[in-house]
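Here the structure is laid out as structure tokens; the discussion comes afterwards.
The values are calculated or read from the model by the stated rules, or taken from the named source; none is laboratory data. Treat the numbers as computed from the prediction; the structure is a model and nothing was measured. With ideal geometry, Cβ positions are generated from the backbone for all residues, glycine too; neighbour counts draw on all protein chains shown. Only protein heavy atoms, including side chains, enter the accessible area calculation; ligands, DNA and RNA are left aside. Shrake-Rupley method; radii C 1.70, N 1.55, O 1.52, S 1.80 Å.
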Amino acid sequence: MRRFAADRARRAVGASLRSAASRSAAPSPPAPAPYHPSSTAAAPAAAMAMAMATAMARAMSTAAAGAPAVSLDTINPKVLKCEYAVRGEIVTHAQNLQQELLENPESLPFDEILYCNIGNPQSLGQQPVTFFREVLSLCDHPALLDKSETHALYSSDAIERAWQILDKIPGRATGAYSHSQGIKGLRDEIATGIAARDGFHASGDNIFLTDGASPAVHMMMQLLLRSEKDGILCPIPQYPLYSASIALHGGSLVPYFLDEETGWGLEVDELKKQLEEARSKGITVRALVVINPGNPTGQVLAEENQKKIVEFCKNEGLVLLADEVYQENIYVEDKQFHSFKKIARSLGYTDDDLPLVSFQSVSKGYYGECGKRGGYMEITGFSPDVREQIYKVASVNLCSNVSGQILASLVMNPPKAGDESFESFMEERDGILSSLARRAKALEDAFNSLEGITCNKAEGAMYLFPCIHLPQKAIGAAQAAGTAPDAYYAKRLLEATGIVVVPGSGFGQVPGTWHFRCTILPQEDKIPAIISRFKEFHEKFMDEYSD
């Protein structure tokens, strides 16, 4: 075998050298005599073979040096397939324009970039909740608890809560690794908060603390997706975390369309239709994703609708993945949040009946602590051996950050009536949520007042998802520019006003319809200026492209 490989190498080197010689003006050397071990020519032949091998090695080295070690042709194709529009091309363009404003403030027709593309409240001026930050700062710097001045600067219940939390942390060290599932005492506090919210038992053993909800979603995709023949039912429009994570983990997204005409309703008949179609293509559908309140659509599901969804998952043997990170963001009086776990338990289903994962995050709600990266998933209905595998995946990441763990416990266990901070906490919370409701209504009314735009009511979450009925000339201009019509609109909006929105094509939409997602997060005093800028742009755009 070795002699065969050596002969093949010699032939390859010889061919390479003969090719090089034929391109040279120098005469070719005579062909070497056949190699015989007993021949006196053995030494010269061995020398020549060594020279040929050296030349080949140099040629290969030169070729390798000329090619990049990593290119788009050699990276994982799943990464190329993955897209995340919330921080995509429009946002990159906005950041370039922001740099241009810094270098030359008079160069653009606006004086600031207004980021309405992402649910990042504190980046747009929302202040953190005082009680949460007091407790967090005391936990991160416990030496403050021994200083007399601390009692003048911090509320007594924040000091007491910090002591309680530190007692739950091994070594009282927020800078140390924790249990891979999260600090046990904090998981127990979260479970107590869930039980108080739902009226049904919750266990800290079912809680996995994560760096925001996104890593929890990735963990479940890793668990469920074995190949492209495994699918996940996802709403369209959807938050692109789901399409991106499904692509990265090699599965198939099975879309189900929300009904825009009924306020982005989720119809079980649509779920059944898409499930049957996927199965007919040989796809094993593993789970159903439901986002409630909706992102990007802002709807809040009715309780009866949720019951039908739970029954559908039970009957079809699907894992229910419930994205509930906007549970505090409800802006209409006739709707309220009900967790899917509460709905399942009220129907009499236990852990033996339905695998259910609920996601929560400290990034949304009234707290908006996106940069602290805190969140959790509650898993119920999984067998002990599967739970062991979930724990193994969590262990690979060592643990989530401890500050985020603390915040998650505080969000689910805020000050209670009688606590020193209760009144000020409620004032902050209600002030933020009522302001968000006013902002949502102002933007909704403004969009609906414009020709060619229809916008459903913002019942919850942090976004509006208006439909833009673009003139055919505008669609043609977008096609000529090689981009989607709603992306063309969003780019023109940005360049004229500095307002950053995300094209609906980044979330998915019914073919032939065009949308954009706009957050309601700019501070309330900026909303009138945003509306004014937007109206002026839209009217000019529609006039420019009128058919």
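Numbers below:
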| quantity | calculated |
| --- | --- |
| Count - residues of region 367-390 that are in contact with an Asp or Glu (Cβ under 6 Å, 6 or more places away or on another chain) and within 30 Å of S435 (Cβ to Cβ) | 1 |
| Meets criteria (part of a helix (DSSP H, G or I), in contact (Cβ under 8 Å) with a residue 12 or more places away in the chain and among the aliphatic types (A, V, I, L, M)) for A478 | no |
| So K441, is it assigned to a helix (DSSP H, G or I), open to solvent by 50 Å² or more (accessible area, probe 1.4 Å), more than 30 Å from D334 (Cβ to Cβ) and of a type outside the set (V, I, T) | no |
| Only listed residue being within 23 Å of T210 (Cα to Cα) and crowded, with 24+ Cβ neighbours inside 10 Å, chosen from D323, D385, D351 | D323 |
| Residue identified as over 30 Å from R438 (Cα atoms) and touching a residue at least 60 places away in the same chain (Cβ under 8 Å) among V325, V362, V393 | V393 |
| Scope region 504-536; condition part of a helix (DSSP H, G or I) and open to solvent by 20 Å² or more (accessible area, probe 1.4 Å); matching residues | S505, G506, E524, D525, K526, P528, A529, I531, S532, R533, K535, E536 |
| Near pairs, Cβ below 7 angstrom, 6+ apart or cross-chain, from region 192-216 (within 21 Å of C399 (Cβ to Cβ)) to any residue that is of a type in the set (K, R) | G204/K184; G204/R187; I207/R187; L209/R187; D211/R373; G212/R373 |
| Residues (closer than 21 Å to K168 by Cα, open to solvent by less than 20 Å² (accessible area, probe 1.4 Å) and in a helix (DSSP H, G or I)) located in region 198-235 | G204 |
| Failed condition for E189, given (1) open to solvent by 70 Å² or more (accessible area, probe 1.4 Å); (2) assigned to a helix (DSSP H, G or I); (3) acidic (D, E) | (1) |
| Unique residue being assigned to a loop (DSSP other than H, G, I, E, B) and either free of Cβ contacts under 8 Å to residues at least 24 places away in the same chain or surrounded by 14 or more Cβ atoms within 10 Å (Cβ to Cβ) (or both) when the list is G171, G182 | G182 |
| Test: I309 is farther than 17 Å from F257 by Cα, open to solvent by less than 10 Å² (accessible area, probe 1.4 Å) and modelled with pLDDT of 95 or more | no |
| Any hit, region 240-256, residues being closer than 22 Å to K364 by Cβ, out of contact with any helix residue (DSSP H, G or I) (no Cβ under 8 Å at 6 or more places or on another chain), open to solvent by 30 Å² or more (accessible area, probe 1.4 Å) and in contact (Cβ under 8 Å) with a residue 12 or more places away in the chain | yes |
| Criterion: without any contact (Cβ under 8 Å) to a residue 60 or more places away in the chain, more than 25 Å from S358 (Cα to Cα) and acidic (D, E) - qualifying residue of E444, E451 | E444 |
| Any hit, region 101-113, residues being under 30 Å from I531 (Cα atoms) and among the hydroxyl-bearing types (S, T, Y) | yes |
| Condition broken by N206, with the remaining ones in (1) out of contact with any helix residue (DSSP H, G or I) (no Cβ under 8 Å at 6 or more places or on another chain); (2) modelled with pLDDT of 95 or more; (3) not hydrophobic (A, V, I, L, M, F, W, C) satisfied | (1) |
| Scan of region 143-195 for residues that are over 20 Å from G404 (Cα atoms) and modelled with pLDDT of 95 or more, ordered by number | A195 |
| Any helices (runs of 4 or more DSSP H) falling wholly within region 76-162 and containing at least 1 residues that are buried (at least 17 other Cβ atoms within 10 Å of the Cβ) and in contact with a strand residue (DSSP E or B) (Cβ under 7 Å, 6 or more places away or on another chain) | 89-103 |
| Number of positions in region 390-427 that are assigned to a loop (DSSP other than H, G, I, E, B), of a type outside the set (S, T, N, Q), within 21 Å of Y366 (Cα to Cα) and open to solvent by 10 Å² or more (accessible area, probe 1.4 Å) | 6 |
| Whichever residue in region 326-336 is surrounded by fewer than 20 Cβ atoms within 10 Å (Cβ to Cβ) and of a type outside the set (D, E) and, among such residues, is farthest from E378 (Cα to Cα) | V332 |
| Count of region 537-547 residues which are in a helix (DSSP H, G or I) and open to solvent by 30 Å² or more (accessible area, probe 1.4 Å) | 4 |
| S346 more than 25 Å from C455 (Cβ to Cβ), surrounded by fewer than 17 Cβ atoms within 10 Å (Cβ to Cβ), in contact with a Lys or Arg (Cβ under 9 Å, 6 or more places away or on another chain) and among the polar types (S, T, N, Q) | yes |
| Search result, residues across region 417-449 that are within 15 Å of E459 (Cα to Cα) and among the polar types (S, T, N, Q) | S434, S435 |
| Index of the failed condition, L356 passing every other in (1) at pLDDT 95 or above; (2) of a type in the set (A, V, I, L, M, F, W, C); (3) more than 23 Å from the chain's Cα centre (by Cα) | (3) |
| Residue list for region 270-305, restricted to those being free of Cβ contacts under 8 Å to residues at least 24 places away in the same chain and in a loop (DSSP other than H, G, I, E, B) | K281 |
